[in-house]
Structure formats: C-alpha cells, structure tokens
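Enquirer: Handing you a structure now.
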Amino acid sequence: MMLQYILRRLLASIPVLIGILLVTFALARMIPGDPCRALLGEKATKETCDRFLREKGLDRPIPEQFAIYLRDVARGDFGNSIRFSQPVTRLLVERLPTTVELSFAALFVSILVGVPLGIISAIRHNSWIDVLTMVWANIGVSMPVFWLGLMLAYVFSLLLKDTPFWLPPSGRVSAGMDTTPFYTVWNLTLPESGLGRALPEFLSRLNILNALLTGNGALLRDSLRHLTLPALALGTIPMALIARMTRSSMLEVLGQDYIRTARAKGVRYREVILRHAFRNALLPIVTVLGLSLGTLLGGAVLTETIFGLSGVGRILYDAITARDYAVVQGFTVVIAIFFVVLNLIVDISYAYIDPRIRLN
Amino acid sequence: MSDTTPSAPSQIAALDAEALSLESVSLWRITWKRLFRRKSSLVGMGIILLLVFIAIMAPWLAPYDPLQVLIGIEDVKMRQAPCIHLLGCPPDQPQHLMGIDGNVRDQFSRLLYGTRLSLMVGFSTVTFAIVIGTVLGALGGYFGGWLDNAIMRVMDVLLAFPSLLLAIAIVTVLGPGLINALLAIGIVSIPAYARVVRASVLSIREMDYVSASRALGGSTAHILFGRILPNALTPLIVQGTLGIATAILDAAALSFLGLGAQPPTPEWGSMLGAERNQVFTAPHLVFFPGFAIMLTVLAFNLLGDGLRDALDPRLAHVSK
C-alpha cells in the first residue's frame, strides 16, 4: 500500500518536473540579447556566430531545441559557464554541498528548538513562557534573514571577541584545516569522470559528513563553529513557524476526549504528551516544515552572501550579475528538482504518519 | 388592499434583504470585535497606522532631503554614528538621529522616506497578484475541466520553485530595477491567491443561492463576480494581508542583492545592502533599515493572523 502511494506520488511529480524544465528553458530564451555574442563577446564575427548557433543547435526550431535541452539535462549536461570556463555540472558538485549542508543544519536547528518550544507553550498555555515564545515566534517569522545574519555576526564575532562564545563571521573552515576527502583516506580509486566520481566528491565536500567518515574531530568542531551563525540566521523563520504550528496543533489535540481518557486511565503525563498527543499533532507540523523548505532555499542565497560561503546562492548571484546564463539555468533547475524531491519526502512522511492518507 | 399588503414575492425579497443586511453587519461587527480583543492585532494595526502616517507626512517629518549629500553643508563625516542631543551629543553638532550613511546623507530622513516605498511595494504587488490570481482561480474553479487542469498545473510549476529564487530568475530576464522586482514578486505570489480563490469557488458554486441565480437566468459573469466571488472574499483578505508581509520581505531581499530598487532611491533593503560590509565599523547603518523592515513585516503578520482568527467561523464561540 505504502509502495503504491509512493509510486503514485512519483508519477504525479513528473509533469511538474517537465514544467520546471520548460520554464527554465523559456527563461533562458527570453533573456534579451544574442546568445552568441553574450557567450563569445561583442566582437564575434557572423561566421563564428553561425557556426556557434549550428553547434549549439540554436538554429533549429524551438520544439527541437527543447528536445535537445531535455536530452542534455537527462545526460547531466548543463552546458559551460562563461565566467568560470567550467562545465556547470562541475560547479554544481563544488558548490551544492555548501548549500545542502547549510540548509540541513538550519532545518535541524529549527526543529530542535521549534518543536520543544511549541510543546512547552501548549502545555503551559497562557503562562509567561507561552507568551514569551509567541512574541518571539511572531518576531522570528518577520525577520529579514540578511539583517539577522549581519546582526548575529556583529554580536558573536565582534562584541564577543576574546570570549569563549566568539564565532567566525565567514567561511566554512579555518585556513589550514585538514579537509582530506574520505575516499583518499580510505584509499579508494575513483573513475576519471561520471557519477562514480561526482557523487563521492560531492559527499566529501559536505564537511561534517566527511569529518565523521574520516574521524577527523578537529574538522568536525571547526565546521560546526563556522556553521552555527549561518544556520541560526537561516533557521530562525522556519523555527518560529514550527514553534507556532506545534503549539496550535498541540493545543487542539490536548483538548480531545482521548487525551482525557488516557489521563483518566492513569497513563503518565509525559507519555500522554509525547505518544498520544504529539504523534497526532505531527501532521500540521510536517506541513509547515514542507512549506518552510522554499523559504529555506531562498534564504540560503542571502545567508551565503552575508557569511562569505561559496555555495549555490553565491554563484547564482555572481552568475546573474555576469549574465552567465548556463549557470543560472542549470542551478535553477537543480534547486527546483531538489525542492520537488524534498516536498515528495514530506508527502511520503504524511502517509507514514497518517495511515488515512495512503488509504485514500 | 394591494396598497397595504405587498405581494408575496416582494415581501420575501424585503425579508431577504433585511436578513442579508443584518447578517453582513453582524459578521463585520463580530470580526471587528474579535480583532480588537486581540492585543497582537491591535499592536499590528497600531504599527501600520503609524507607518501610513509616516509615509504620508515624510516630507514634513524628515529633517533633511533623503537624497541630499551633506558635504560642505554641515560638518559631518561619512558613516558618522548617531548624534542625539537628548542623549548627550554636544548641542553645537548637528543632530542626526540615526547617523550619516556612506554617501554622507541623513540616515533618519532616508529611513522615513523608505516607508513610502515599502508600503507601496506591499500593496501594489499584492493587488497585482490578487487580481490575476482571482481571475485564474475563479475561472478554473467555476468551469473546471481542461481549463482548470491547465491553470492549476501552471500554478504547480510556479510553486515548485522556491519563491525568492524564481523572483531572482525573473529579474534576470527583465533586468534589475524596482518595477521589474515588483513584477517578479507579483508573478511569484499569484499561485497562492489562485489556489485560495479556486478552493472557495469550488465549494460555493454548489450552494443553493448560486443554483437559484442560474435558474433565474443570471449570466456567467454575473454569477461568478456578483454571487460567488463576494462570498469567497474572506480567505482572500487574510491571504492578502499576510502576502503584503511576504512581498515587503522579498522586495527588500531583492534590493539587498542589488536586483531591486537602485541607488540613490531610499529603499530599506538597498540601504542595508549598500552598507553590509560596514557592519563591524558602522553597525547603525545596518541596524536601523533592517529593524524597519522587521517592524513593518511584523505589523502585517500580526494583523493577518488576527484577521484569520477573527474571520474563522470555527472560532465563533470566542465572540459570544
């Protein structure tokens, strides 16, 4: 039953994926100016341009161009960047890990703080801790990520300098830190190119994962210290949303008859809250989590700009200012697909939490 | 006889009108009452009123022209810290409540003028998105079939992109600038309204009074815009208020990245973006614009949340 549900959801996301490719394809075609001169420079001759258009398939009808684009994307070929003179796929392998690590850290922080705060607020309804949490949550939801990031950097990197609370304001690791990839430590030989090389390289650039795999304690501590401020800045909005939703969802469930029954038959309070109430309050919380993912990925662009992290956000910003279309197109597609996959995971976890969903 | 007793149909119509007017008055009165009972929505409304006042009165409230460079006019230095006479700043120095920015302009005046732009951004993008979203959602919900399918699939694709990233991509195509940024944010927020309106239209179109209107020969436009949409307004108002908050935040983010309002326009996001590298040396230039954005967004969020609860029929018992 579960498998069938997953398959159905997978099939349903195919039209959306095609739509995403169509939109990015259209956006790239709508960019003003001649693609040849944008790529090869203003002085390109007509012959060079004609050859270029023929080579890239840009002289063919639009539907055929779309088919070529689909084929290239399916092969994992997103073209070449003019600014970095590298294939876009290469840049993705280099830059994506920073953003993935940052987003997951932010999500982790927001769940770790948001859920318990929401539960405590609901249990101590209308107490000072509830009022304080809600005031804070309202402010948190309205927080401009870029401002919070700068203010955190000001407090933790400047005001708290020379104290144990000092945190680095930029970068992912300190200079000179040993970041040997796990496959080198394990003496693995990677293929020259293709997914067999890209995937381990991608994973090794997730510093925390790499530190855990290689047992490198110094790298782990250093990465975590660097990640704290960006993750806090990026995680604040989802954290506030989760705290609010957990509270209201728990309040609703705590008023139900079965909670009173469980209490009446003498189940321990702690167990009533965690097993009876929280499990049933989980669905709206997961929904909010799914909705926050978009905010999170958008916010990653801003957070990376502030904390000097060379991730997807930073490169997208650079690519836009340099009119590096292949990069804009490639990264937008990959982020959108990442977003669709995350939403798919959220949907599947719905079915796991609430059997009624998969039965329908 | 006929003078004293009105005919049956007109009697019913009169009764209906009375019931309708009673109903509508009480709904709005209840909503107001509930809204005023919540401290948080009162705070939100208070801040919004204050912001509107500042926006209208900016030329009279601002001590300086927001674009005026003060070199040679006053003895002030670039990125000078705030000088407030009440807080002990020597009276022979000119007062600058929020300091001087990187181009030697009065930050406080720029901040006041920025209110105009932020409110304009919020209202205009949301109006744009509501108009287009409502038409799309209403058409889809009312006619159903392939039209509905086509509209909603396009909306799904728009929703598949993280909104800020899609806005960035659209601005790439259109070119940076305030108007293009507004358009991008407007386009990105259309799906939310289309979905809300479609859901309401779907449930309302099966109501008896809609069937009655159809049986009486009402045109499609009349039924859709005269009968169905007015009754689908409630969720739209809530979504719109919360949408203003998101729009202001996104516009500030685009301007921060240099894709929205361009210098020297006094826009909070771009003021913050221009001085972001000075956060360690001149934190006041980063603190005040960001705080202004946060306060404005907070106000619309508080009002939106309040409206949602006040208009929620499930919470009807609260008003009794």
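Enquirer: Picking from B:169, B:129, B:181, which residue would you name as being under 30 Å from residue A:318 (Cβ atoms) and at pLDDT below 85? Give the steps one after another, and end with the answer.
Expert: On the way: B:129 fails: at pLDDT below 85; B:181 fails: at pLDDT below 85.
Residue meeting the stated conditions: B:169.
Enquirer: State whether the residues of the stretch A:351-360 include one that is in a helix (DSSP H, G or I), within 13 Å of another protein chain (Cβ to nearest Cβ) and surrounded by fewer than 19 Cβ atoms within 10 Å (Cβ to Cβ).
Expert: Kept after step one, since they are in a helix (DSSP H, G or I), are these residues of the stretch A:351-360: A:351-353, A:355-359.
After this cut, where a residue has to be within 13 Å of another protein chain (Cβ to nearest Cβ) as well, the list is none.
No: zero hits.
Enquirer: Going by the conditions given, is residue A:169 more than 14 Å from every other protein chain (Cβ to nearest Cβ), open to solvent by less than 60 Å² (accessible area, probe 1.4 Å) and either among the hydrophobic types (A, V, I, L, M, F, W, C) or under 23 Å from the mean Cα position of the chain (by Cα) (or both)?
Expert: Considered against the rule, which asks whether it is more than 14 Å from every other protein chain (Cβ to nearest Cβ), open to solvent by less than 60 Å² (accessible area, probe 1.4 Å) and either among the hydrophobic types (A, V, I, L, M, F, W, C) or under 23 Å from the mean Cα position of the chain (by Cα) (or both), residue A:169 comes out as no.
Enquirer: Sticking with this one: Looking only at residues in the stretch B:138-162 that are touching a residue at least 40 places away in the same chain (Cβ under 8 Å) and buried (at least 23 other Cβ atoms within 10 Å of the Cβ), which one is nearest to the other protein chains (Cβ to nearest Cβ)?
Expert: Looking at the filtered set, the residue picked out is B:140.
Enquirer: What number of residues within the stretch B:268-277 are in contact (Cβ under 8 Å) with a residue 24 or more places away in the chain and either in contact with an Asp or Glu (Cβ under 7 Å, 6 or more places away or on another chain) or open to solvent by 10 Å² or more (accessible area, probe 1.4 Å) (or both)?
Expert: Residues in the stretch B:268-277 being in contact (Cβ under 8 Å) with a residue 24 or more places away in the chain and either in contact with an Asp or Glu (Cβ under 7 Å, 6 or more places away or on another chain) or open to solvent by 10 Å² or more (accessible area, probe 1.4 Å) (or both): 3 in total.
Enquirer: Are there helices (runs of 4 or more DSSP H) fully within the stretch A:201-318 with at least 3 residues that are among the β-branched types (Val, Ile, Thr) and open to solvent by 10 Å² or more (accessible area, probe 1.4 Å)? List them.
Expert: It comes to A:217-254, A:279-306.
Enquirer: If I filter the stretch A:5-30 down to residues being within 11 Å of residue A:70 (Cα to Cα) and more than 9 Å from chain B (Cβ to nearest Cβ), which single residue comes out as farthest from the chain's Cα centre (by Cα)?
Expert: A:25
Enquirer: Residues that are under 30 Å from residue A:243 (Cα atoms), open to solvent by 60 Å² or more (accessible area, probe 1.4 Å) and modelled with pLDDT under 90: does the stretch A:64-71 have at least one?
Expert: no
Enquirer: Still on this structure, I have one more. In this structure, does residue A:178 turn out to be more than 24 Å from the chain's Cα centre (by Cα) and within 14 Å of chain B (Cβ to nearest Cβ)?
Expert: So residue A:178 does not fit the description; no.
Enquirer: Can you find even one residue in the stretch A:135-147 that is over 30 Å from residue A:332 (Cβ atoms), within 14 Å of chain B (Cβ to nearest Cβ) and either in a loop (DSSP other than H, G, I, E, B) or over 26 Å from the mean Cα position of the chain (by Cα) (or both)?
Expert: Yes, the stretch A:135-147 contains at least one residue that is over 30 Å from residue A:332 (Cβ atoms), within 14 Å of chain B (Cβ to nearest Cβ) and either in a loop (DSSP other than H, G, I, E, B) or over 26 Å from the mean Cα position of the chain (by Cα) (or both).
Enquirer: While we're looking at this one, here's another question. Scan the stretch A:147-166 for residues that are surrounded by fewer than 17 Cβ atoms within 10 Å (Cβ to Cβ) and among the hydrophobic types (A, V, I, L, M, F, W, C) and report the count.
Expert: 6
Matching residues to (1) part of a helix (DSSP H, G or I); (2) within 14 Å of chain A (Cβ to nearest Cβ); (3) closer than 25 Å to residue B:109 by Cβ; (4) at pLDDT below 90:
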position	(1), (2), (3), (4)
B:188	yes, yes, no, no
B:197	yes, no, no, no
B:210	yes, no, no, yes
B:217	no, no, no, yes
B:222	yes, no, no, yes
B:243	yes, yes, no, no
B:248	yes, yes, yes, no
B:266	no, no, yes, no
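Enquirer: Residues in the stretch B:228-245: is at least one closer than 18 Å to residue A:303 by Cα, within 17 Å of the chain's Cα centre (by Cα) and open to solvent by less than 50 Å² (accessible area, probe 1.4 Å)? Please lay out each step first, then the result.
Expert: Narrowing the stretch B:228-245 to residues closer than 18 Å to residue A:303 by Cα: none.
The answer is no, given that none of the residues of the stretch B:228-245 is closer than 18 Å to residue A:303 by Cα, within 17 Å of the chain's Cα centre (by Cα) and open to solvent by less than 50 Å² (accessible area, probe 1.4 Å).
Enquirer: Further, regarding this structure: Check A:290, A:298, A:294, A:313 and return the single one that is in contact (Cβ under 8 Å) with a residue 60 or more places away in the chain, within 14 Å of another protein chain (Cβ to nearest Cβ) and touching a helix residue (DSSP H, G or I) at 6+ places or on another chain (Cβ under 8 Å).
Expert: On the way: A:290 fails: in contact (Cβ under 8 Å) with a residue 60 or more places away in the chain; A:298 fails: in contact (Cβ under 8 Å) with a residue 60 or more places away in the chain; A:294 fails: in contact (Cβ under 8 Å) with a residue 60 or more places away in the chain.
Criteria check complete, one pass: A:313.
Listed here are the residues, each with its yes/no results for (1) without any contact (Cβ under 8 Å) to a residue 60 or more places away in the chain; (2) touching a helix residue (DSSP H, G or I) at 6+ places or on another chain (Cβ under 8 Å); (3) acidic (Asp, Glu); (4) not in a helix (DSSP H, G or I).
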| residue | (1), (2), (3), (4) |
| --- | --- |
| A:24 | no, yes, no, no |
| A:28 | no, yes, no, no |
| A:36 | yes, yes, no, no |
| A:60 | yes, yes, no, yes |
| A:68 | yes, no, no, no |
| A:96 | no, yes, no, no |
| A:99 | no, yes, no, no |
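Enquirer: If we scan the stretch B:144-159, do we find a residue that is outside any helix (DSSP H, G or I), more than 21 Å from residue B:299 (Cβ to Cβ) and either at pLDDT below 90 or not acidic (Asp, Glu) (or both)?
Expert: Within the stretch B:144-159, one or more residues are outside any helix (DSSP H, G or I), more than 21 Å from residue B:299 (Cβ to Cβ) and either at pLDDT below 90 or not acidic (Asp, Glu) (or both).
The values are calculated or read from the model by the stated rules, or taken from the named source; none is laboratory data. Computed from a prediction, not measured in an experiment: that's the story for all the values here. Positions of Cβ are generated from backbone atoms using ideal geometry, with glycine treated the same way; all protein chains shown enter the neighbour counts. Each accessible area value is taken on the protein alone, full model and side chains, heavy atoms only, with ligands, DNA and RNA left out. Shrake-Rupley method; radii C 1.70, N 1.55, O 1.52, S 1.80 Å.
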